[in-house]
Amino acid sequence: MNGWLAASGLVTIVVGLVHSIFGERLIFQRLRTGNGWIPTQCGPQLREPHVRILWVSWHLVTLIGWALSAVLLMLSLPAATAWPTHPMLIAIVAGLLASSALVFIGTKGKHPGWIGLLVAAVLALLGGWL
C-alpha cells in the first residue's frame with residue numbers, strides 16, 4: 001500500500017467534512033426558515049433560487065472531493081500503478097494544486113481550506129514519487 005496516497009485520500013475526506021460542517025454552521029444555518037433542510041432565506045442581492053444553488057454548489061464541492069478521495073485510496077492499493085505513468089494521479093495532483101491556489105488567491109490566504117488542499121496535493125505527489 002502506498003501510504004502517501006492513502007494519507008492524501010484521508011486528508012481530502014477530512015477537508016470535505018470540515019467544509020460541509022462549517023458551511024452549514026457558519027453560512028447556511030442563518031439562511032434557513034422554519035424546519036426546512038435546504039436554505040431559502042435571501043437578502044436584497046440574492047433570491048431563493050440563488051440561495052438554493054449556492055447551497056447545492058457548496059456541498060457538491062464536498063461530494064466531488066470525496067470522489068477524488070476514493071480514487072486516491074484506490075490508487076494507494078498495491079495493485080495500482082503509480083507516478084508518472086498514471087494519468088489519473090497527475091490529474092488529481094494538478095486539480096488539488098489548482099484548487100489550493102484558487103482558494104488562496106480568492107480569499108487572500110484567509111480561508112484555511114487552501115492548506116488542506118495543498119497538503120493533500122503534496123501527499124499525492126509524494127505518493128507518486130516515492
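Rule-based calculations on the coordinates, nothing more; no lab input. The shown structure was predicted, so the numbers you read here are calculated from the model rather than taken from an experiment. We place every Cβ from the backbone using ideal geometry, glycine too, and count neighbours over all the protein chains shown.
What the table shows:
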read-out	value
Proxy reagent accessibility, fewest Cβ within 10 Å first, across I13, I105	I105, I13
Calculated Rg/Rh (Cα atoms, Kirkwood Rh) (choose from (i) 1.15; (ii) 1.08; (iii) 0.98), label	(ii)
Low-density loop cleavage sites - trypsin sites (Lys or Arg not before Pro) in the range 23-112, where at most 12 other Cβ are within 10 Å (DSSP)	R47, K108, K110
In degrees, nearest ten, helix 113-129 long axis to first principal axis of the chain (Cα)	20 degrees
Among G43, G23, G109: highest mean-square fluctuation, GNM of the chain, C-alpha pairs under 10 Å	G43
Simple Cβ-charge dipole of the chain, Lys/Arg +1 and Asp/Glu -1, about Cα centre, in debye nearest 20	400 debye
The chain: angle of helix 3-26 to the longest principal axis, Cα-based, in degrees nearest 10	0 degrees
Overall form of the range 85-130 per C-alpha gyration tensor (a/c, 1.5; a/b vs b/c)	prolate
Helix-only [θ]222 nm of the chain, DSSP H runs n ≥ 4, -39500 (n - 2.57) each, per residue, nearest 500	-24000 deg cm²/dmol
